[in-house]
Amino acid sequence: TFYIEPLKINKLGVRASDTFVLTPTPQPKDDFQEELVIRPLHSGDIYASFQFRTLWETDFMRENKVSHYRLFPKSLGQVISKFSVRELHISFTQGYWRTMQWGQPFLPSPPGAELWVWFQDSVTDVDAAWKELTNVLSGIFCASLNFIDSTNTVQPSASFKPLGIVNETDHRFLRYATLPREIVCTENLTPWKKLLPCGSKAGLAVLLKSEKLFHSSFFSQTVHIRPVCQDRECKTTSWELRQTLNVVFDLHTSGQGKREWSLFKMFSRTLTEACPLASSSKIYIDVTDNPQEEYFELSPATPLLSQAVVLGDRRTFSVYDLTQQVTFGTVRSLNLLIRWKSTEGECSMLRPLLHAERYVAGYGLQTGEIHTVMYNNHPFRSFPVLLLDSVPWYLRLYIHTLTVTSKGKDNTPSYIHYQPSKDRMRPHLLEMLVQLPPHSVTEVTVQFERALLKWTEYTPDPNHGFYVGSSVISALVPSSVAMDTNITQEQPLFSSFFPCKEESSYFVRVYTEPLLVNLPTPDFSMPYNVICLTCTVVAVGYGSLYNLLTRSFQIEEPNPRLAKKIANFIRRIRGVPLLS
Amino acid sequence: MAAPLTLLLVVAVTIRAALYRSSLAEVIAERVEVVSPITAWKRVIEGLALLDLGVSPYSGDVFHETPLVIYLFHFLVDYAEITFMLADVISAIALYLAVKEYNKQVVRKKQKFALEADRYPQDCLELIRSPKEMLYIPLKVAMFYLLNPFTILSCVAKSTCGLNNAVISLFILTTIKGNALLSAVFLCLATYQSIYPLTLCAPAMLYLMQRQYIPVNYRRASFWWFVVQYLFMYLGSLFVLICLSFFLLGSWDYLPSVYGFILSVPDLTPNIGLFWYFFAEMFEHFRLFFLCVFQINVFFYTVPLSIKLKDHPVFLMFMQLAVISIFKSYPTVGDIALYMALLPVWSHLHRFLRNIFLVSCVLLACSVLFPVLWHLWIYAGSANSNFYYAITLLFNVAQILLVSDYFYAFLRREHHLIHGLYLKKKDGSEATLVLK
């Protein structure tokens, strides 16, 4: 882009030049990449993951504000500089990721909305900044993030480390909140698409049509902003914005007769061109389980093949490069087709090493128990996991009932950080470091008591229940394949999200199901009645004691009955002697 | 009298020990009628566990006991059952000795009365009890306390209400014995644990002044001098306790957690009182107003009752205990057991009680219906909160009627002592007495 100089006007009020003077100025480098990974899943569903990454070498934190935005969306840039945000991670998810059937996702996300933010060290009032930030993001994404307040915000002490450049981590600048009840729909997708440089007009984003995307088993859209190093010595840093969209299409609801997936059937669109602003635009199809094309065939065929180590496994991908015109062929459109050859003969899926479930036990509306079950499926290695639980204040946890058992024996956590809740102010926060023995099931149980809330604190559908956000389990899982720790090497986007510090393990975050818990409810139609009845009882007490305190005993002179009174009155008029 | 009392103590301890060993102990410890957020044993254990984890028990909203309770149970947590049984035994013995001492004084007063019998109408001599009738009253009081199902339930649930009752019983004992300093100290301990026994200052001061023959006349200097002395002892020990609690944990966090909790009622867990559903259904705008009204309601009967009953401070003490138990923010059946234990002292009033049958039937029915309707609301889901609330209302109305009935009977007996028992109207027929 070019910088327009102001017109020079001399003393006579005449313009110095007739035309605008255009001078090129050096712009900070920015780069946009887009990619789509399609992975056929073991259960017959298909997993599509879009990633859009913008890298921009600029400094949001300097004095004069950044005013020229090119690829980086202006709304997010202004949010970063106004609230001094170091890292921002927001996700909107509909559905629950079934780890046992689908394997590990590239980017995990919990059902509902999740927001976690690292603020810069220069922020003085983190809570005020958090509150304003949630409201601004609520406007940007058309979501009800304004329901995030102190009753569902926590400050995890160990589970959420910065994913970008790490200087020192003071957890006072971290805030984490989830809204498990949040629903994702077209209204959230549209502003998300608007943040892309090409919008939804060119490139991979043309496939993002909401009528097909929301007709799926799992849908998740996320935005991640973080500072990253450009080179190994980290002399220059740039801001990375990643927008990812994960969707799992269900085999059966798509009404497929035979098992066949194509871009048109999944997204009701085909691709005609790459985004002109993108430096790279690729589609990766996971063909690891199909080396000799015995299970399915891809058309149109592509000669490009690439290998990447992702989630501890070396996978092979067929690559379609959309920046090459030859990909689109003579029809100028790309409709990838994956046709299965036979219905039987399923390949075995790599079993996920870490997997978790959570449920509520107990009966009645007074007490209950939360059980979190973690599975370590590695045959001989044990590894530690960090479990983060944020429970709302109206489920009163009793931490003395916390038990952690593995294989039937007690397994004491080596680190417990517990912050008890304060009624109507903050939730419970429980973080534990648990060592999972190899090939075992670990169960964490804690008892709670359900509170009776004020009648105005219930949602309009109180008998639906109250949601408890997912537990977060973070772990470094041993990898069977050496992971690549070189950050500057060219890697597909999907394999380079979580920073990899060592070769023998990779970072995994697992979210459990959210819980739905019923609370006892008062009768909502009765406020006036209750006030009257209770005040009546208090008045009965007051009245009895008042009578006894202020009156004294006297002999009663009987009052004549009414009939006698009237008779006497008439007799008096007549002048006749009165009745006694 | 020692032998029957010992037998009673043995029976009481046996019943409690048997219930501790049975499976009913956990069930009873969860009952909302028996434990409240202030007195529950589960919360004491939770507070001690938080302390072990390095977190202040008052940083959350689960633990609302005073720091001295933490200190006490830090050492006694393994002997909790013995502690609570001992607390019950101490209460019973204290009440026994207190009533015995009080009866001695009543007899002395009656002897004075008999000497002046010719000044009083003849027929009221039958209102006066003989020492032989009063012989078994202390034992009955101890029995009413120890064998009351409410007390047994409260002890088996390890509710700290038992400790509160023990302190109040010791206060009653030391007051009736005439020891002003100990009375102030025990009253301060009771107030420190739950604010409401503050109102018992008035009967204590009236009783001690009566015992020391100081005339209760606000124009006299000796009256004010005694009030100042007593309040000095009381406030001094309260100050010492508050400072001791500060040094235990090193912070003032416990003040809003304990006293702020009792006064502002944030926790709406159902109990047998009137506060929970009222504030669950209260319009937000009026919450503070009604909170103040309900809290003042507990304290404001003190002055009128003291003026009316200034010659009968022990009955005043009973009335105050009853008012506290009914109108406090988190009542439990343990509080009720304490004032019911004192009913045998006024057993001579039974001829003037008007609706004792109705009241006892209602109390019995409500005690049975509480767990039934709780189960229907919380577990079966076929009833809703209104059912439990209705029984709460009825229970409290019955208690109010009981207390006001005894008050009526007491005042009526005093009236008859002055004006004669069999009153006649002007025309000689039998008169009826009404309050006008």
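Every condition in (1) farther than 29 Å from A:S471 by Cβ; (2) in a helix (DSSP H, G or I); (3) small (G, A, S) holds for A:S67 except the one numbered (2).
Counting only helices (runs of 4 or more DSSP H) that sit wholly inside segment B:100-206, those with at least 2 residues that are of a type in the set (S, T, Y) and in contact with a helix residue (DSSP H, G or I) (Cβ under 7 Å, 6 or more places away or on another chain) are B:149-156, B:161-177, B:180-193. Beta carbons closer than 8 Å, at least 6 apart along the sequence or on distinct chains, pair a first residue in segment B:254-268 that is surrounded by 22 or more Cβ atoms within 10 Å (Cβ to Cβ) with a second that is in a helix (DSSP H, G or I) and among the polar types (S, T, N, Q) for B:Y254/B:S245. Scanning segment A:127-145 turns up at least one residue that is hydroxyl-bearing (S, T, Y) and buried (at least 16 other Cβ atoms within 10 Å of the Cβ). Enumerate the strands (runs of 3 or more DSSP E) found wholly within segment A:179-292, keeping only those where 2 or more residues are touching an Asp or Glu at 6+ places or on another chain (Cβ under 8 Å). Correct list: A:218-229, A:237-249, A:280-286.
The condition of being more than 11 Å from chain B (Cβ to nearest Cβ) and modelled with pLDDT of 85 or more holds for only one of A:A482, A:A475, that being A:A475.
Are any residues in segment B:370-410 free of Cβ contacts under 8 Å to residues at least 24 places away in the same chain, aliphatic (A, V, I, L, M) and at the interface with chain A (Cβ under 10 Å from one of its Cβ atoms), and if so, which ones? Walk me through it before giving the result.
First, the residues of segment B:370-410 that are free of Cβ contacts under 8 Å to residues at least 24 places away in the same chain: B:372-373, B:375-384, B:386-387, B:390, B:404.
Subsequent filtering for residues that are aliphatic (A, V, I, L, M) retains B:372-373, B:376, B:378, B:380, B:383, B:390.
Listed by number, the residues that qualify are B:I378, B:A380, B:A390.
Pick from segment A:362-386 the residues that are out of contact with any Lys or Arg (no Cβ under 8 Å at 6 or more places or on another chain) and more than 17 Å from A:P352 (Cβ to Cβ): which of them is farthest from the other protein chains (Cβ to nearest Cβ)? Taking the candidates together, the pick is A:P384. Looking at B:Y58, is it touching a residue at least 24 places away in the same chain (Cβ under 8 Å), of a type in the set (S, T, Y) and either part of a loop (DSSP other than H, G, I, E, B) or touching a Pro at 6+ places or on another chain (Cβ under 9 Å) (or both)? The answer is yes for B:Y58.
Among residues of segment A:358-375 that are within 10 Å of B:Y379 (Cα to Cα), those with a Cβ under 6 angstrom from a residue that is of a type in the set (K, R), sequence gap 6+ or separate chain, pair up as A:L365/A:R450. Within segment A:426-435, the residues that satisfy the criterion of being assigned to a strand (DSSP E or B) and within 15 Å of A:L388 (Cα to Cα) are A:H428, A:L429, A:L430, A:E431, A:M432, A:L433, A:V434, A:Q435.
Is it fair to say B:Y277 is more than 21 Å from B:M205 (Cβ to Cβ), touching a residue at least 60 places away in the same chain (Cβ under 8 Å) and within 11 Å of chain A (Cβ to nearest Cβ)? Yes.
Filter segment B:153-199 for residues that are closer than 30 Å to B:S23 by Cα and among the basic types (K, R) and give the result. Within segment B:153-199, B:K158 is the sole residue that qualifies. Selection of segment A:267-295 for residues being surrounded by fewer than 17 Cβ atoms within 10 Å (Cβ to Cβ) and in contact (Cβ under 8 Å) with a residue 60 or more places away in the chain yields A:R269, A:T272, A:P276, A:S279. For the condition under 30 Å from A:L207 (Cβ atoms), surrounded by fewer than 19 Cβ atoms within 10 Å (Cβ to Cβ), modelled with pLDDT under 90 and not β-branched (V, I, T), A:S306 qualifies.
Consider segment B:411-426 and keep the residues that are within 21 Å of B:N355 (Cβ to Cβ) and within 7 Å of chain A (Cβ to nearest Cβ). The one that is surrounded by the most Cβ atoms within 10 Å (Cβ to Cβ) is B:L411.
When the residues of segment A:517-568 are filtered to those that are touching a residue at least 12 places away in the same chain (Cβ under 8 Å) and at the interface with chain B (Cβ under 9 Å from one of its Cβ atoms), the one that is nearest to A:V391 (Cα to Cα) is A:P520.
Of the candidates B:S367, B:S347, B:S360, the single residue that is away from chain A (no Cβ under 14 Å), surrounded by 17 or more Cβ atoms within 10 Å (Cβ to Cβ) and either of a type outside the set (D, E) or under 30 Å from B:L200 (Cα atoms) (or both) is B:S367. Counting just the residues of segment A:45-97 that are in contact with a helix residue (DSSP H, G or I) (Cβ under 7 Å, 6 or more places away or on another chain) and without any contact (Cβ under 8 Å) to a residue 40 or more places away in the chain, which one comes out surrounded by the most Cβ atoms within 10 Å (Cβ to Cβ)? The residue in question is A:V66. Residue pairs whose Cβ atoms lie under 6 Å apart, sitting 6 or more positions apart in sequence or on different chains, and linking a residue in segment B:422-436 that is at pLDDT 70 or above to a partner that is basic (K, R) and part of a loop (DSSP other than H, G, I, E, B), are B:A431/B:K425; B:L435/A:R551; B:K436/A:R551.
Under the condition of being within 11 Å of chain B (Cβ to nearest Cβ) and touching a residue at least 40 places away in the same chain (Cβ under 8 Å), the residues counted in segment A:409-426 number 5. Comparison of B:L291, B:L235, B:L263 shows that the only residue that is more than 14 Å from chain A (Cβ to nearest Cβ), closer than 20 Å to A:R424 by Cα and in a helix (DSSP H, G or I) is B:L263.
The values are calculated or read from the model by the stated rules, or taken from the named source; none is laboratory data. In this text, all values refer to a predicted model and were calculated from it rather than measured experimentally. As a convention, Cβ positions derive from the backbone with ideal geometry for all residues, glycine included, and neighbour counts pool all protein chains shown.
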